Each structure stands twice: as structure tokens, then as C-alpha cells.
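The values are calculated or read from the model by the stated rules, or taken from the named source; none is laboratory data. Predicted model, so just to flag it, every value in this text is computed and none were measured. Counting neighbours? That spans all protein chains shown, and the Cβs are built from the backbone with ideal geometry, glycine included.
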Amino acid sequence: MKTLIPSIILALVILGSCTKEQRIVNRMQGKWTVTEVEIANQGEFEPNMVFQFDYCKTRTTDFCDFSLHDFDQDVTINGTYAIGDNGESVLLSSLSGWWGTNFDEFEIEKLNSRRLRLINYNAETGEYRRFELRSID
């Protein structure tokens with residue numbers, strides 16, 4: 001009986017703990033204003049854009065939903081995102097042609113409760129290379 005209770009507690013802790021990918025999804029969940037973007041070979045800009053990363057359970061789905069509202073162009077882009085197996089990258093894909101049917105991988109260079117920095121080291125000319133985001137939730 002003395003070993004049964006600690007064993008049950010240990011099992012509950014292990015079962016209740018999140019994967020690294022789920023912790024990233026949990027932290028990214030919500031609205032983020034884009035404070036700065038860099039477009040490959042075109043420079044940095046201060047756009048009027050907001051990302052909304054939806055919550056999902058990584059154990060039940062491979063992709064979560066996101067939207068990006070560009071207030072300057074009055075357009076909303078819907079897409080999906082997935083956290084890389086290493087928990088250090090995010091794959092973004094647009095459902096409405098922003099990135100076409102291709103997946104773009106961004107390294108998660110910084111992520112805390114207030115800031116998110118995504119960098120695409122393989123961005124080609126005219127593609128988004130870096131996003132600087134600030135939480136607004």
C-alpha cells in the first residue's frame with residue numbers, strides 16, 4: 001500500500017504532463033499583433049496585422065488553425081500551423097493562397113508570454129523572412 005499511492009501519483013503526473021509541442025501551442029494560443037516584418041531582399045516594415053493562433057490538442061491533430069488579419073488591405077488569411085517535432089519550429093500553411101499549398105517553416109527564435117519572433121532562414125525574395133509579434137490577449 002505504501003508504494004501504491006506514490007506510484008499512482010507518479011502515473012498521474014506523467015499522464016498529465018504536456019509534450020513540448022503542446023506547451024508551445026499553449027503559449028502561442030491567442031492574438032498577437034505584428035510589430036515588425038522583414039521581407040527577404042526588401043527590408044523591414046511595420047504592418048497593421050494581427051495573428052490569431054487557435055488552441056488545439058497536439059495528441060489528436062497534426063495541425064491547428066490560425067488566421068492573419070491585414071488591416072491595411074482589409075483581408076483575413078486563414079491557415080494551419082504545426083509545431084515541429086523538435087519544438088523549435090512552426091510550419092505555416094495558408095488555405096487561401098498567401099503561401100499557396102506550400103509549407104513554410106519558421107524557427108521559433110523567441111517565445112514568452114509577451115513576445116514571439118519567427119524567422120524563415122530559407123525565405124526567397126519577396127517572402128516573409130521574419131515576424132516580430134507582441135501578445136495582445
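Summary of computed values
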| quantity | calculated |
| --- | --- |
| Of all residues in the range 61-71 being over 10 Å from the mean Cα position of the chain (by Cα) and surrounded by 14 or more Cβ atoms within 10 Å (Cβ to Cβ), the one that is modelled with the lowest pLDDT | Phe63 |
| Answer from Val75, Val34 - the residue that is of a type in the set (A, V, I, L, M), under 25 Å from Glu124 (Cβ atoms), modelled with pLDDT of 95 or more and more than 10 Å from the chain's Cα centre (by Cα) | Val34 |
| Tally of residues being farther than 13 Å from Gln22 by Cα, without any contact (Cβ under 8 Å) to a residue 24 or more places away in the chain and of a type outside the set (S, T, N, Q) across the range 69-90 | 7 |
| Spans of strands (runs of 3 or more DSSP E) in the range 21-137 with at least 1 residues of a type in the set (Ser, Thr, Tyr) | 30-39, 64-70, 75-83, 89-94, 128-135 |
| The listed residue being buried (at least 17 other Cβ atoms within 10 Å of the Cβ) and at pLDDT below 90, out of Thr58, Thr80 | Thr58 |
